[in-house]
1. Hey, with R₀ at 30 Å, roughly what FRET efficiency would residue 69 and residue 145 work out to, going by the Cβ-Cβ distance, to 0.05?
2. R0 = 22 Å: FRET efficiency of residue 334 with residue 398, Cβ-based, nearest 0.05?
3. If packing is taken as the average count of other Cβ atoms within 10 Å, what order do 315-324, 162-171 fall into, highest mean first?
4. How big is region 191-298 on each of its three principal axes, counting only the C-alpha atoms and giving the largest first in Å?
5. Beyond 23 Å, what percent of the Cα pairs of region 1-126 remain?
6. Tell me, rounded to the nearest percent, the portion of alpha carbon pairs in region 1-58 spaced more than 12 Å apart.
7. Between the alpha-carbon centers of region 1-63 and region 72-130, tell me the distance in whole angstrom.
8. Give the separation of the Cα centroids, region 379-393 to region 256-292, in Å.
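Readers should treat all values here as calculations from the given coordinates under stated rules, not as data from a laboratory. Since this is a predicted model, take the numbers as computed values, not measurements. Don't worry about glycine lacking a Cβ; one is built from the backbone with ideal geometry, like all the others, and counts go over all protein chains shown.
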Ligand code: NDP
Ligand code: HSE
């Protein structure tokens, strides 16, 4: 029987779930996979964190050195989050030849090259299934199940918090603030939820996933990012009235010339599309390979136990197999110059003859054709107008919106949201 000792750094939502899974299911892991995994040390700020979870404080490690100097520890689980000190701790562990399992997508998205080099130098493994899409095995699918393919697309809902918020707002009429508070209580949100609601978390994950999918480093600098804080209840209602659901989407596409579109933004998703029915903290990822065609992975994208499931899968994998080698990410991908989409535009205009015509003519001047246009309400001399365009280039749309904003009689462009087919 193979035996391996593990240290956990950060006993919060994910680290606590990982401790529970490794201790509660120790016997079934032993009998099912032939490896006995023992938690030997737990690093956190104070032994009280262990005591509050009913864990013997004898496991407590105050410093990283207590972990790296322990020759019995073979795997270090990093579930602290943030760039520092998590980054230095991971580097220390790898340099000491200990394999690292991390759930830290920010660290990976920003410093993968450095971590991977330290892993290679230390002859240690670096594992990060839990960093993207919680309990859904998307990293393993990309690295171990798609070799036959050139992957052209990876698109999905990859943040649990925002999907939870948008679902509660659209289905139950909750305010944004109330829905965010619930997501925090349920353990879905990052320590600073700005990372979720402004799309940073999804951008980190997209950078990691698209790099693995396209075998080219997709740096954060080319990931376009918009969060959900500007999505208004009335946009959600407008979407519903037209047969759409609002989702925060992550879209990664590799064009035939090798350039990459990588973007995170709210989108109107047709109710008939499978992503529209991904609710609450569930996530889903579509992969498109030239041989596999479309694959969709679905499951819980956040939360203590689903994420712990991914961490433990890496721990067991690491105990049983040799360290994974990742593709050479030396050359960063170039960003695609433009992409096509339909758009929803909501704007406020002066309620006077000719206004709709002048808005339509701005769009026309930029070659944008209108699919639907509606005046949705008039109050004290102004009117709200919603427009659904036909497919057009993003650059044309931006130029048209800029011109509209300076057109006499146009008060405010309230929202511009991409619409997928
Ligand atoms: P938590 O805040 O719940 O847990 C982090 C734990 O680490 C806390 O106990 C924290 O203590 C401790 N910690 C942080 N910094 C230090 C430090 N410098 N020294 C000692 N202890 C420290 O976060 P999560 O479990 O939610 O997230 C952890 C990681 O997992 C993050 O990288 C996150 O992005 C990732 N992740 C989270 C998921 C989720 O659903 N929550 C899903 C997938 C990935 P204190 O509370 O005192 O700061
Ligand atoms: N805060 C993240 C989310 C955790 O809501 O998806 C999972 O990565």
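1. Computed FRET efficiency for residue 69 and residue 145 comes out at 0.20.
2. Efficiency at R0 = 22 Å is approximately 0.65.
3. 162-171, 315-324
4. 40, 33, 25
5. In whole percent, the long-distance tail amounts to 29.
6. Counting pairs separated by more than 12 Å, the tail of P(r) holds 66 percent.
7. So the separation of the two Cα centres works out to 18 Å.
8. So the two Cα centres are separated by 26 Å.
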